[in-house]
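A short worksheet on the structure shown next.
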Amino acid sequence: MTVSDSARWGFPDSDICSAALQLATDVSPAYITNHCVRSYLFGRELAAADGLRAGADYDDELVFLSCLLHDLGVTDVGGGDQRFEVDGADAAARFLREHDVGDEAVQTVWQAIALHTSVGLAHRFGPVQAVSHLGIALDINGFGKHRLSAGFAERVHAAWPRHDLGYAIASAIADGTRANPMKAPPFSFPAHLDQLINGGASVNFLDLVSNSGWGDQPLQIAAG
C-alpha cells in the first residue's frame with residue numbers, strides 16, 4: 001500500500017497508525033490484512049450512517065488501530081495459549097506500549113480486540129469498541145451492509161479483495177485450536193470452529209455440571 005492509498009481512503013496519518021498498518025501487512029496473509037482494512041472502512045461508514053463524527057464522537061485513530069490489529073491472534077506474532085481474540089489483544093497492547101502509546105488508549109484497543117467476536121458486549125464498553133465491532137462484524141457476516149452508501153462496498157472490495165475471507169480465517173483459527181486445544185475454551189467462538197472444522201469434542205454446559213464433582217442432579221420435570 002502506498003501513501004496515496006492512505007490519503008485516498010482517509011486513513012489516520014499518525015506514525016502509530018502507519019506502524020500498525022505496516023505490522024499487519026508484514027505478519028498477516030493478504031486475506032487478513034484486507035479484512036482488517038475493510039473492517040475499519042466499514043465501521044467508519046456505519047458510524048457516519050448513525051450520525052457519529054470521527055474525532056468528535058469517537059477516536060478515529062483508536063478505531064483504526066483496533067481494526068488493523070484485531071486479528072494478530074491468528075498470526076505468529078499473537079501466538080499463545082489463550083483464545084485468539086485475547087492473544088491478539090495482548091499482542092496489540094505490547095506493540096502499542098513499545099510505541100509509547102498511553103495506558104488508557106492501550107486499554108481501549110485491548111478491549112475492542114478482545115471483544116470483537118462478542119456480540120452484545122463490545123458496544124457497551126464505549127464508542128471505539130462499538131464502531132470497531134460493527135465494522136469487523138459487517139465484513140464477516142454482512143449484517144448492516146444495506147446501510148453503507150451506494151457503491152461503497154464495491155469500491156472497498158475492488159481495492160481490498162476478500163480472498164474468501166470467511167472460510168480462510170475459520171480454517172486458520174481451527175488450525176490454531178488443533179495445534180493447541182487450550183485456544184478453544186468451552187462455549188467460545190474458537191471452540192465452535194474447532195468442533196465444526198476439526199471435529200473437536202462438543203462440550204455443553206450440562207457436561208461441565210455433571211463432571212463438577214458437586215453432585216448436582218437434574219431437576220425432575222412434571223409430565224403434562
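Residue 85: net charge of surrounding residues, Cβ under 12 Å, Lys/Arg +1, Asp/Glu -1, itself excluded? Net charge in that neighbourhood comes out at -1. When the Gaussian network model of the chain links Cα atoms closer than 10 Å, the mean-square fluctuations of 202, 132, 212 top out at 212.
For segment 164-213, what class follows from the C-alpha gyration tensor (a ≥ b ≥ c being the square roots of its eigenvalues): rounded when a/c is under 1.5, otherwise prolate if a/b is larger than b/c, else oblate? Judged from the Cα gyration tensor, segment 164-213 comes out prolate (a/c at least 1.5, a/b above b/c). Working from Cα positions, state the angle (0 to 90°, nearest 10) between the long axis of helix 15-27 and the longest principal axis of the chain. Around 60 degrees separate the two axes. Counting other Cβ atoms within 10 Å of each Cβ, which trypsin sites (Lys or Arg not before Pro) in segment 5-63 have at most 11 and sit in a DSSP loop? For trypsin sites (Lys or Arg not before Pro) across segment 5-63 that sit outside H, G, I, E and B with at most 11 neighbouring Cβ atoms in 10 Å, the list reads 53.
Identify the residues of segment 34-74 with backbone N under 12 Å of a label point that sits 7 angstrom from the Cα of residue 22 along the Cα-to-Cβ direction, or state none. Backbone N within reach: none found.
On full extension, the segment bounded by residue 5 and residue 107 gains 33.8 nm, given 0.36 nm per residue less the C-alpha separation. Our summary gives segment 164-213 a relative contact order of 28 percent, counting only alpha carbon pairs under 8 angstrom and 6 or more residues apart. Each Cα pair under 8 Å and six or more residues apart adds its separation to the average, and for segment 3-163 the resulting relative contact order is 29 percent. Comparing 165, 115, 41 in a Gaussian network model of the chain, where Cα atoms under 10 Å apart are tied by springs, the biggest mean-square fluctuation is seen for 165.
Principal-axis analysis of the Cα atoms of the chain puts helix 60-69 at an angle of about 60° to the longest axis.
From the helices alone, meaning DSSP H stretches of at least four residues, give me the mean residue ellipticity at 222 nm for the chain, per-run term -39500 (n - 2.57), in deg cm²/dmol to the nearest 500. Mind dumping the intermediate values first?
On the way: 11 runs with 131 residues, N = 224.
So the helix-based figure for the chain works out to -18000 deg cm²/dmol.
A crude spin-label estimate for the pair residue 196 and residue 163, with each label 7 Å from Cα along the Cβ direction, gives 2.0 nm.
Comparing mean-square fluctuations of 135, 102, 176 from a GNM of the chain with C-alpha springs under 10 Å, the top value falls on 102. Axis of helix 165-179 versus longest Cα principal axis of the chain: the two differ by about 50°, to the nearest ten degrees. Equivalent-ellipsoid semi-axes for segment 1-113 (Cα gyration tensor, √(5λ), whole Å, largest first): 21, 16, 14. In the chain, one over the average inverse separation of all distinct C-alpha pairs is 18.5 Å, which is the Kirkwood hydrodynamic radius.
How much length is gained if the chain between residue 48 and residue 98 is pulled fully straight, taking 0.36 nm per residue apart and subtracting their Cα-Cα distance, in nm to one decimal?
Between residue 48 and residue 98, full extension yields an extra 14.8 nm.
I'd like the chymotrypsin sites (Phe, Trp or Tyr not before Pro) in segment 62-170 restricted to DSSP loop residues with at most 13 other Cβ atoms within 10 Å, sorted by number. Within segment 62-170, the qualifying chymotrypsin sites (Phe, Trp or Tyr not before Pro) (loop, at most 13 other Cβ atoms within 10 Å) are 143.
Every number here is computed from the coordinates shown, using simple stated rules; none is lab data. Every value quoted in this text rests on a predicted model; they were computed, and no experiment measured them. Positions of Cβ are generated from backbone atoms using ideal geometry, with glycine treated the same way; all protein chains shown enter the neighbour counts.
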